[in-house]
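First comes the structure, then the notes that go with it.
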Amino acid sequence: MNGHRNLHHFPMGFDDPELGSQQTFRAMVKALDNPGDLVRIQSKLFVPAALNSASAALFLTLCNDKTTVWADLNWDLPLIDWFHLQCGCDIVTEPCMASLALITKPNTMPPLDHFRIGDNENTDTSATLIVQVGKLSANTAKNPIRRMIDYMRYRPLEEMPAHLWDTWCHPSQCHPRRVDMFLTCDDTLAVMPPAIG
C-alpha cells in the first residue's frame, strides 16, 4: 500500500450520507426479500472508477471500522484508499479473511469455499459478496441453469464461472443460503436466488 494519495480529490460518496444510507438499506432489504428482482438505488452519490454506483452504495451502507474487505483489485488503485477514507474498513489480502468482498471480474472469481461460509447457528459470520456484472435485465431467463429455473429473472450467467453454479446448485458442497451475493450493474442490484431444494 502506498498510503493515501490525493484523498481530497476522491469522490465523496453519498450526496446526503444519512438519507443515502437509509435509502440503500431499504433497497437491500427489498432485494433480500425478493431474490432475483431488480432493485434500483435511488440515492445520488459520487463514485471512484472501477466501482459502479450500486456497489458503492452497498459499501457505504454496510461498512464500518470493524468491516474487513477483500477486492480483486490491484492494491495501487485509488479505489483502495477510497475504501479506507469513505468506508472506514480494513482491506485484507485473502477472501477467507473478509466479511465483505468486491468482485469486479466475475469470470475469475474464487470458488465460494474460499470465502467465509456461515453455518446454521452462525449465519452472521458468513461473507457478503458484491459482484459487479455487465448486465442485469428482467425476464431474460430463457436458458436457466439447472434447478434455479424458477428463480432466475435475470441472466448475467455468461460472466460467472462454472464452479459457482456447481457449488450454488449443490447445497451439500456449500449451502448458498449461508452467503449473501449481491449482483450489481450501474445503479441496479439483485440478490442471487437460493438454490431449490
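The values are calculated or read from the model by the stated rules, or taken from the named source; none is laboratory data. Everything quoted here is computed from the prediction, not taken from an experiment. As a convention, Cβ positions derive from the backbone with ideal geometry for all residues, glycine included, and neighbour counts pool all protein chains shown.
Here's a check for you: in the stretch 1-42, which residue that is of a type in the set (S, T, N, Q) and surrounded by fewer than 13 Cβ atoms within 10 Å (Cβ to Cβ) is modelled with the highest pLDDT?
N6
Filter the helices (runs of 4 or more DSSP H) completely within the stretch 1-116 down to those with at least 1 residues that are within 17 Å of the chain's Cα centre (by Cα), within 15 Å of T128 (Cβ to Cβ) and not basic (K, R).
Answer list for the stretch 1-116: 17-33, 53-62.
Just to verify a result, which residue in the stretch 46-98, among those that are among the aromatic types (F, W, Y) and in contact with a Cys (Cβ under 8 Å, 6 or more places away or on another chain), is farthest from S126 (Cα to Cα)?
Checking each candidate, the answer is F83.
Answer yes or no as to whether F115 is modelled with pLDDT under 90, closer than 18 Å to S126 by Cβ and crowded, with 20+ Cβ neighbours inside 10 Å.
yes
Is it true that V92 is touching a Phe, Trp or Tyr at 6+ places or on another chain (Cβ under 6 Å) and without any contact (Cβ under 8 Å) to a residue 40 or more places away in the chain?
When the stated conditions are applied, V92 passes them.
Within the stretch 81-111, which residues are of a type in the set (A, V, I, L, M), under 27 Å from Q23 (Cβ atoms) and surrounded by 21 or more Cβ atoms within 10 Å (Cβ to Cβ)?
The answer is A98, L100, A101, L102, I103.
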